[in-house]
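To start, the structure under review is shown below, and the notes come after it.
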Amino acid sequence: MSEPVPAPARRRYAGLVGAVLITVLLALYVGLVVVRAVQLIGTGNGIGVGLGVALLVLPLFVIGLVAREWWLAVDVRSMADVLATLGELPIDDLPRSPGGRIDREVARERFAAAREAVEAAPADWRAWYHLAFAYDAAGDRKAARGALRTASRLHRGKGAPPA
């Protein structure tokens with residue numbers, strides 16, 4: 001008899017299953033767009049050919065974006081595994097409202113320490129990883145994603161962080 005999977009592992013796999021399901025659905029959609037694009041090109045009509053070519057460019061763009069996000073997700077998981085082994089994963093101990101929302105003021109106060117760590121060691125992917133989660137807690141998702149991308153680039157040894 002197999003042992004039950006712990007709750008954090010179940011959540012991890014549930015997220016993975018959801019991401020795979022969405023990717024498969026997107027792949028089906030892209031496939032249908034490609035079929036329609038080929039049909040439009042096959043009409044020989046100038047407008048149909050133009051629309052068909054435009055529809056072929058869109059799936060290439062979507063495939064590139066999806067591949068980029070999967071690559072980032074795999075590398076973020078790899079970085080998290082390394083930090084877990086070192087006992088350096090970000091700890092979510094921020095105070096929350098009764099509804100579960102993070103106290104943004106406290107998150108902003110703690111953000112300063114993460115920003116200072118990056119300023120002190122701009123080539124350290126771990127500092128950028130922690131900064132990403134500090135940005136997220138402070139409510140700046142766009143900056144958090146940028147910091148994760150920088151952490152990923154540094155983790156893979158792909159150069160210096162942006163100026």
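Every number in this text was worked out from the coordinates using simple rules, so none of it is lab data. Quantities reported herein were computed from a predicted structural model and do not represent experimental measurements. Cβ atoms come from the backbone with ideal geometry, glycine included; neighbour counts cover every protein chain shown.
Would you kindly identify the helices (runs of 4 or more DSSP H) lying entirely within the range 77-163 that contain at least 2 residues that are on the phi > 0 side of the Ramachandran plot, out of contact with any Leu (no Cβ under 6 Å at 6 or more places or on another chain) and surrounded by 12 or more Cβ atoms within 10 Å (Cβ to Cβ)? Please lay out each step first, then the result.
Working: elements: 104-120, 125-138, 141-155.
So the answer is none; nothing clears 2.
The set of residues in the range 105-122 that are touching a helix residue (DSSP H, G or I) at 6+ places or on another chain (Cβ under 6 Å) and small (G, A, S) comprises A107, A114, A117, A121.
Would you call V34 farther than 21 Å from G139 by Cβ, part of a helix (DSSP H, G or I) and β-branched (V, I, T)?
Yes: the conditions hold for V34.
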